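What follows is a set of notes on a single structure, which appears directly below.
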Amino acid sequence: VLVDLPNVTELGESVFGNCSNLTTVNLPALKKMNASSFSGTSSLKKIYLPELVEITGYGYSFNNSSIEKAVFPKLTSKIQGYDFTSCRYLTTLVLGANTVVPLTATNAFNSNTPIAKGTGYIYVPRAQLEAYKTATNWSTLASQFRAIEDYPGIMEV
């Protein structure tokens with residue numbers, strides 16, 4: 001199932017929660033979403049939210065999903081505990097803003113995720129690479145960071 005909502009700028013709580021047949025989402029104008037907006041989207045593989053700057057609420061943003069790649073070029077608000085905790089296939093997270101996105105807890109990526117296992121990576125701007133590696137809670141994932149500039153096409157989904 002494809003959801004194409006090019007003019008939506010905000011998503012509330014559990015909007016797509018448990019939409020098990022949702023495979024593709026086009027939300028090019030989305031700026032703000034609730035942390036549970038995509039919880040339980042078990043068929044969603046890739047998500048690209050080019051204008052997203054803020055995630056509100058507490059954790060579980062992509063809980064129980066099949067997301068392999070998540071790209072947030074402008075995200076500046078915090079990533080909270082459990083946001084990606086059950087993303088068993090998440091190998092690529094791209095954070096493109098020129099500021100370190102705060103990580104409120106180390107359990108945002110628990111041992112079920114490739115990023116926590118050392119087989120997935122977090123791509124950030126080269127100018128922010130060292131800041132992420134030493135930032136509170138991000139430092140536990142220091143070996144998983146890569147510079148966006150070294151991987152042409154990484155921002156695409």
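The values are calculated or read from the model by the stated rules, or taken from the named source; none is laboratory data. Predicted, not measured: the structure shown is a model, and the values here were computed from it. Counting neighbours? That spans all protein chains shown, and the Cβs are built from the backbone with ideal geometry, glycine included. Surface accessibility is based on the protein's heavy atoms, side chains included, excluding ligands, DNA and RNA. Shrake-Rupley method; radii C 1.70, N 1.55, O 1.52, S 1.80 Å.
For the range 1-9, indicate whether the set of residues that are crowded, with 17+ Cβ neighbours inside 10 Å and touching a Ser or Thr at 6+ places or on another chain (Cβ under 8 Å) is non-empty.
no
Return only the number of the condition from (1) at pLDDT 90 or above; (2) among the charged types (D, E, K, R); (3) open to solvent by 60 Å² or more (accessible area, probe 1.4 Å) that GLU51 does not satisfy.
Condition (3) is where GLU51 drops out.
If I go through the range 83-113 residue by residue, how many of them are in a loop (DSSP other than H, G, I, E, B), over 19 Å from SER42 (Cβ atoms) and at pLDDT 85 or above? Break it down stepwise before answering.
First, the residues of the range 83-113 that are in a loop (DSSP other than H, G, I, E, B): 83-91, 96-102, 104-105, 109-113.
Narrowing the set further to residues that are over 19 Å from SER42 (Cβ atoms) leaves 96-102, 104-105, 111.
This time we only want the ones that are at pLDDT 85 or above, so: 96-102, 104-105.
Summing the residues that are in a loop (DSSP other than H, G, I, E, B), over 19 Å from SER42 (Cβ atoms) and at pLDDT 85 or above in the range 83-113 gives 9.
Does the range 77-85 include one or more residues that are at positive phi, open to solvent by 20 Å² or more (accessible area, probe 1.4 Å) and in contact with a Ser or Thr (Cβ under 9 Å, 6 or more places away or on another chain)? Outline the logic, then answer.
Quick first cut of the range 77-85, residues at positive phi only: 82.
Right, trim to open to solvent by 20 Å² or more (accessible area, probe 1.4 Å) and you get 82.
Going one step further and asking which of them are in contact with a Ser or Thr (Cβ under 9 Å, 6 or more places away or on another chain), we end up with 82.
The answer is yes, given that some residue of the range 77-85 is at positive phi, open to solvent by 20 Å² or more (accessible area, probe 1.4 Å) and in contact with a Ser or Thr (Cβ under 9 Å, 6 or more places away or on another chain).
Going by the structure shown, is LYS69 modelled with pLDDT under 95 and surrounded by fewer than 22 Cβ atoms within 10 Å (Cβ to Cβ)? Working first, answer last.
Details: modelled with pLDDT under 95: yes; surrounded by fewer than 22 Cβ atoms within 10 Å (Cβ to Cβ): yes.
Considered against the rule, which asks whether it is modelled with pLDDT under 95 and surrounded by fewer than 22 Cβ atoms within 10 Å (Cβ to Cβ), LYS69 comes out as yes.
Quick check on the range 24-38: of everything there that is polar (S, T, N, Q) and open to solvent by 60 Å² or more (accessible area, probe 1.4 Å), which residue is modelled with the highest pLDDT? Can you show your working first?
Step one: list which residues in the range 24-38 are polar (S, T, N, Q), which gives 24, 26, 34, 36-37.
Add one more test, that the residue is open to solvent by 60 Å² or more (accessible area, probe 1.4 Å), and what stays is 24, 26.
On the way: THR24: 84, ASN26: 89.
Of everything passing the filter in the range 24-38, ASN26 is modelled with the highest pLDDT.
Residue by residue, here is whether (1) touching an Asp or Glu at 6+ places or on another chain (Cβ under 9 Å); (2) assigned to a loop (DSSP other than H, G, I, E, B); (3) among the charged types (D, E, K, R) holds:
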residue	(1), (2), (3)
GLY17	no, yes, no
VAL25	yes, no, no
LEU30	yes, yes, no
MET33	yes, no, no
SER36	yes, yes, no
SER43	no, yes, no
GLU51	no, yes, yes
PHE62	yes, yes, no
VAL71	yes, no, no
